[in-house]
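The values are calculated or read from the model by the stated rules, or taken from the named source; none is laboratory data. All values derive from a computational prediction rather than experimental measurement. With ideal geometry, Cβ positions are generated from the backbone for all residues, glycine too; neighbour counts draw on all protein chains shown. Remember, those area values only see protein heavy atoms, side chains included, never the ligands or the DNA or RNA. Shrake-Rupley method; radii C 1.70, N 1.55, O 1.52, S 1.80 Å.
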Amino acid sequence: AAVPAPLLALALVLRTLNCFLVQTSFVPDEYWQSLEVAHRMVFKYPSPAAAPADNYGYLTWEWTSSLRGYSYPLVFASMYKALQLLAKDNVQLLIWVPRLAQAVLAAFADVKLYSLVQHLENSETAKFVFFCQLCSWFTWYCCTRTLTNTMETILIIFALSYYPIKGSKMGNSCKYLALVALAIVIRPTAVIPWMPLVFSHFLQEQRKADLVLHSCIPVGLVTVGTSLIIDRVFFGEWVLVQLNFLKFNVLQNLGTFYGSHPWHWYFTQGFPVVLGPHLPFFFHGCALAPGRYRVFLLAVIWTVLVYSTLSHKEFRFIYPVLPLCMIFCGYSLKHLKAWKKTAASFLLLSNLVPALYTGLVHQRGTLDVMSHIQQLCSNSQQSQAFVFILMPCHSTPFYSHVHCPLKMRFLQCPPNLTGNESYVDEADVFYSNPLGWLNKEFYNDTLLPSHLILFNVLEQEISSFLALRGYEKTATVFHTHVPQGRVGSHISIYRRKTEMNY
């Protein structure tokens, strides 16, 4: 059945609005695994302030260790290239065009979810699932971000619409497997939610050999081959990033470097937070839904269980199963007899507060501070300016949000890749003795940065360095109401007074 045009228009308007109402940062990967890489791919002229080898951009250790593939950044690099060719590569467009593209994809995914349920059930159930999907605060928070998790979630919905579930006439093995393969190329962990789904399909398939020979193998060869070629072009050598990713995260378990959580974290915190006010509806929907949907529920439980075995846990890792949960939530809403309107109003209002708060308030400082750095590009001081971001590493985006060859530096924090027993990263060394580190690093006044950017929790500790070296505070930017550890509630911008007397 065709999707009603007003529904698509509604989704497009809502996701565009969604895009502009998300002005906060979530995780560093949003920039460092997509936009920063794309910026470096397109704008490769070296900065006058840095060594010629500096390609006007920075690649994190995952790229130097070939753990990530270029397929996803290539999407944004092509947008950047188009803007460059049109001579429209100003910093605001570089920031918003990728986000808007992600928003448009999200809108099409919302509509795909509607048509899937409409096909499997009826228009009424589909409307409730669509409503639940649009209400979800976590989807609102993530769906316009340039995260691989976001792309994986969008591809899950697209692939599901061709998945041969019982009672579906839209099933198309080649199409859904191609979308699954694409998701795995972009983010290797996409294999997790698809394991039970593909296995279930294999079991119910009469012509098993045909499925393997005519669908699985050709699709696998084409996608892996394309991914290999793309990575060969940009890495300059043959490399299978998906294998490296698996070795690093699963076999060596180096992900713990970024923090570890107890095994039950997804059950006690992760899943309840991501689902939010939808949680009771999800459980109710699971009890009501017909047996053929068990495979979706199995995929959700399996994904949460597998991620629970890995020590490094994040909310966004289980985001790809959220659309599956929405099918059950919508099913629940449709079958509420007397309370339908009350339940729908509750869902809308209870999701509105976290959606707006996390989108507009919580952790916005690290993006707001970039507009202060951008101002250094427009004046004649650009060649003398040197910005040092004294924050937990990758707190802010980098050249993708500045787009001028400004000299910038931040504290590094690659994990222990050498196996050195006494390894400590630069950020940890700095935080163990900030004042001592600064005095040692900048023993000579000629090396001093013109601008320092730091969280207010650090100010007291390094106040003597700031005063002695002639730094004055020029701006304070709000960041969060819940400062933790090294992250303060505000960001302070310091400028060196003598620096500006050229």
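Rg/Rh for the chain stands at 0.99; both radii use Cα atoms, and Rh follows the Kirkwood definition.
Among beta bridges identified by DSSP and lying wholly in the chain, the antiparallel ones come to about 60 percent. Axis of helix 148-160 versus longest Cα principal axis of the chain: the two differ by about 10°, to the nearest ten degrees. Over the range 364-496, accessible surface divided per residue gives 43 Å², non-protein components excluded, 1.4 Å probe.
Axis angle, to the nearest 10 degrees, between helix 365-378 and the longest C-alpha principal axis of the chain: 50 degrees. Using C-alpha pairs under 8 Å with a sequence gap of at least 6, the mean separation divided by the residue count of the chain gives a relative contact order of 18 percent. Comparing Cα centroids, the range 451-502 and the range 85-116 end up 35 angstrom apart. In the chain, the longest principal axis of the Cα atoms and the axis of helix 322-334 are about 50 degrees apart. Residue by residue, the range 4-10 carries 3J(HN,Hα) couplings of x, 4, x, 5, 5, 4, 4 Hz when phi is fed to the Karplus relation 6.51 cos²θ - 1.76 cosθ + 1.60 (θ = phi - 60°); x denotes Gly or Pro. Taking 4.7 Å between beta carbons as the limit, the unpaired Cys residues of the chain are CYS19, CYS135, CYS142, CYS143, CYS174, CYS216, CYS286, CYS325. The residues neighbouring TYR80, those whose beta-carbon lies less than 14 Å from its own, together hold a net charge of +3 under the Lys/Arg +1, Asp/Glu -1 convention.
FRET efficiency for the ALA475 to ASN416 pair, using the beta carbon distance and R₀ = 45 Å, is estimated at 0.80.
Per residue, the chain reaches -16500 deg cm²/dmol at 222 nm when only DSSP H runs of four or more residues are counted, each adding -39500 (n - 2.57).
Multiplying the residue separation of LEU352 and LEU240 by 0.36 nm and subtracting their alpha-carbon distance yields 36.1 nm. In whole percent, how big is the carbon plus sulfur part of the accessible area of the chain, probe 1.4 Å, protein atoms only? Of the solvent-accessible surface of the chain, carbon and sulfur hold 64 percent.
Antiparallel beta bridges, as assigned by DSSP with both residues in the range 364-496, represent about 60 percent of the total such bridges. Here the simple spin-label model places points 7 Å from the Cα toward Cβ, and for SER489 and LYS440 these points are separated by 3.3 nm. For the pair LEU203 and TYR423 in one chain, pulling the backbone fully straight at 0.36 nm per residue adds 74.3 nm over the alpha carbon distance. The trypsin sites (Lys or Arg not before Pro) of the range 241-343 that meet both conditions, a loop assignment by DSSP and at most 12 other Cβ atoms within 10 Å of the site Cβ, are LYS337. Look at where the Cα atoms of the range 260-287 and of the range 55-80 average out, and the two centres are 33 Å apart. Cross-link pairs exceeding 19 Å in C-alpha to C-alpha distance, out of LYS112/LYS169; LYS166/LYS340; LYS127/LYS337; LYS473/LYS497; LYS112/LYS340, comprise LYS166/LYS340; LYS112/LYS340. Given +1 at the Cβ of Lys and Arg, -1 at the Cβ of Asp and Glu and no other charges, the dipole of the chain around its Cα centre is 1400 debye to the nearest 20. Couplings for the range 476-482, taken from phi via the Karplus curve 6.51 cos²θ - 1.76 cosθ + 1.60 with θ = phi - 60°, read 10, 10, 5, 10, 7, 8, 10 Hz in order; Gly and Pro are left as x. Rounded to the nearest whole Hz, the Karplus-based 3J(HN,Hα) values (6.51 cos²θ - 1.76 cosθ + 1.60, θ = phi - 60°) of the range 392-408 follow the sequence x, 4, 6, 5, 10, x, 10, 5, 5, 10, 10, 6, 8, x, 7, 7, 9, with x at glycine and proline. The residues neighbouring GLN204, those whose beta-carbon lies less than 12 Å from its own, together hold a net charge of +3 under the Lys/Arg +1, Asp/Glu -1 convention.
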